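Accompanying notes for the structure given below.
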Amino acid sequence: MQIALNILSLTSFYMCFALGLALVFGVMRVINFAHGEFYMIGAYSAFLCVSLIGPTTGALPAYIVSFAAAAIVTGLLGVLLYLVVVRKLMDKPLTIFIATLALSYMLQVVVVELFGPVGRSLPSPIPGIVRIGDAILPWSRVFVIVAISTLSVGLWFLLMRSDVGRRVRAVAQNPTGAVLQGVSVTRVGMMTLVAGSMIAGVSGAIMAPIGGITPFMGAAALWKAFIIIIVGGIGSIWGAVAAAFLFGTIDTFMTVAGAGRYLALTNAVIMLGVLSVMPSGLFGEKE
Amino acid sequence: MLQVDGLTLGYAGIRVLEEVSLRVRENTVTTLVGSNGAGKSTLMKGIMGLKPPLAGEVRLDGIRLAGLSTSEIVARGVVLVPEGRELFPKMTVLENLQVGASLGGDEARKKRNLATVTELFPVLGRKLSMAARNLSGGEQQMLAVGRALMASPRFLLLDEPSIGLAPLIEEQLMASIRQVANELGLGVLLVEQNAMLALEHSDWAYVIELGRITKSVASAELVDDPSIVDAYLGG
């Protein structure tokens, strides 16, 4: 039971983070290397909110307000990224890749200057534990599972069931066809980038009490998200969900078995193994 | 009326269209006949604002479309069914139609358009939840036309709609296009590989050669023109 809950929480986190990245890539064919830093900035937003307004409002309200703060900050960063970098380099994906890599380092440096290189931690805003059978789970983790799952499912519904979502998928599948139906590809592109950034930021804020907050946490998360997207099959939402579950399960079992320090290595080996057998990933389109 | 006046278009120094002028009227089907590379697809792109003109202009009911984006042109009621269909392959038939309806007006209008499309192409109505890529070639072409109709067009541009289709399906598609033009009062501009078939189902025809319009006549007359029959209609 304990393990199942851990798998659930890890899977939902991986899924949420990878979906944001996959969304931006799928629609704009652009890899946002700073996606991880948006996540990190979301976590620092939570840290700031809880330490600044927490003492007056209480930790939990401050924690919840921080989701909105993270969404606003990373959403604005997404708008800036679009206007300054992506819009002008739309037909040069490699340049965008390098530019977002530069942005990623810049944001790390800025955060190091502001908060120092040493990690911070956010005391759990929801104290106490819950017993489910013989399993013990902190309430804060239950909250994270619910919040991240809600975010993922909400994103899925938005994509699959709304007019906006249909337009986003249309642009991803055939930009020419979408333009000819009157869909503004630039508007959809900007919206997607901003939405992807906000998802990263909010995930960061939600996850902040779990694990440390450091200026470098984004890079690790991004690495994991790349592995998930590649194993799942680039461009496939279902593939990303399946791979998130796969790695959520593997990572949980390895951590339980005390082999946590081999995680990165194992993940990379699995990725290379899958790619050597199925070059386009588990659910990828064969080009 | 959709009006093209002295339109000149080109790529990097090469002029593909030289002062092309033509008219597409409501409730009529106009065919553009010409060999490969004569500039037919370029003209379609020019009308949709996908290529800025070097000279000339496109007018809709006398109002210039110059400087408008493609989505603004679609919103004004000019919609292109492109060569190669350009569907959304992994989306269902219904979703393809819904994206088509993005600028198609209010909910009531969308509902009416969907009814029109499924009545015109009953097979689409039966396969609404099927992914577009799993349709046959003919069905995909119907979907491309249906998707364009969802945008409530007043003028429909069709670029090689019957390419790769079996003759019987081709014939059906042309008949449907004719029918929809009459029922909805649409102006249709048709570029078609099978020029003979297109002329049978159209009212007016333009012949385009090396980027210039060389003839503008009633379709029935063109079918009897020996020089055209030799050049484009396969004797």
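Some points to look at:
- At R0 = 22 Å, FRET efficiency that the Cβ-Cβ distance of residue B:129 and residue B:172 yields, to 0.05: 0.40
- Part-to-part distance (alpha-carbon centres) for region B:87-115 and region A:241-287, which is given in Å: 39 Å
- When the Cα convex hull of chain A is projected onto planes of every orientation, the mean area is 15.7 nm².
- Gyration tensor (alpha-carbon) shape descriptor, region A:140-209, a/c threshold 1.5: prolate
- Just the protein heavy atoms count here, and of the accessible area of region B:6-138 at 1.4 Å, carbon and sulfur take up 49 percent.
- Simple spin-label estimate for residue B:54 and residue A:275 gives 4.6 nm between the two label positions (7 Å along the Cα-to-Cβ direction from each Cα).
- Projecting the Cα atoms of B:146, A:46, A:270 onto the dipole axis of the protein assembly as shown, where Lys and Arg carry +1 and Asp and Glu carry -1 at the beta carbon, places A:46 farthest toward the positive end.
- With a 10 Å cut-off around each Cβ of A:153-159, the average count of Cβ atoms from other chains is 0.
- Remark on region B:43-74: accessible area falls by at least 20 square angstrom from chain-alone to full-complex state for B:50, B:70, B:71, B:74, probe 1.4 angstrom.
- Kyte-Doolittle mean at least 0.5 and Cα axial length at least 30 Å: DSSP H helices in chain A: A:2-28, A:59-81, A:93-115, A:139-161, A:185-207
- Computed about its Cα centre, the charge dipole of the protein assembly as shown is approximately 1620 debye, with only Lys, Arg, Asp and Glu carrying charge at their Cβ.
- Cα gyration tensor, region A:69-205 - rounded (a/c under 1.5), prolate or oblate: oblate
- Region A:142-220 and region A:7-50 have Cα centres lying 9 Å from one another.
- Of the peptides A:207-213, A:270-276, the ranking by mean beta-carbon count within 10 Å, highest at the top, reads A:207-213, A:270-276.
- Take each residue in A:179-191, count the other chain C-beta atoms within 10 Å of its C-beta, and the mean is 6.
- Packing-based ranking, highest mean first, of B:162-173, B:47-58 given that Cβ atoms within 10 Å are counted: B:47-58, B:162-173
- For chain B, complete DSSP H runs whose alpha carbons reach 24 Å or more along their own long axis and whose mean Kyte-Doolittle score is -0.5 or higher are B:167-184.
- Residue-averaged [θ]222 nm for chain B, counting only DSSP H segments that reach four residues, each worth -39500 (n - 2.57): -11000 deg cm²/dmol
- Within a straight-line Cα-Cα reach of under 20 Å, residue B:111 can be paired with the following lysines, leaving aside sequence neighbours fewer than 8 residues apart in one chain: B:127.
- Adding -39500 (n - 2.57) for every DSSP H run of four residues or longer, then dividing by how many residues chain A holds, sets the calculated 222 nm ellipticity at -24500 deg cm²/dmol.
- Farthest toward the positive end of the dipole of chain B, out of B:201, B:12, B:223, is the Cα of B:12, where the dipole comes from beta carbon charges about the Cα centre.
- Euclidean distance of C-alpha centroids, region B:148-221 and region A:74-137, integer Å: 53 Å
- For the pair A and B, total buried accessible area rounded to nearest 100 Å², probe 1.4 Å: 1800 Å²
- Solvent-accessible heavy-atom area per residue, rounded to whole Å², over the protein assembly as shown at 1.4 Å: 44 Å²
- Straight-line cross-link partners of residue B:51 among the lysines, defined as a Cα under 22 Å from its Cα and at least 8 positions apart when in the same chain: A:88, A:92, B:40.
- Averaged over peptide B:101-107, the number of partner chain Cβ atoms lying within 10 Å of each residue's Cβ comes to 3.
- Chain A, accessible surface, carbon-and-sulfur percent (1.4 angstrom probe): 75 percent
- Cβ-based charge dipole, chain B, positive-most Cα from B:56, B:182, B:98: B:98
- Cβ crowding within 10 Å averaged over residues, with A:125-134, B:207-216, B:150-159, A:11-20 ranked highest first: A:11-20, B:150-159, B:207-216, A:125-134
The values are calculated or read from the model by the stated rules, or taken from the named source; none is laboratory data. Everything quoted here is computed from the prediction, not taken from an experiment. Counting neighbours? That spans all protein chains shown, and the Cβs are built from the backbone with ideal geometry, glycine included. Calculation scope for accessible area: heavy atoms of the full protein, side chains included, ligands and nucleic acids excluded. Shrake-Rupley method; radii C 1.70, N 1.55, O 1.52, S 1.80 Å.
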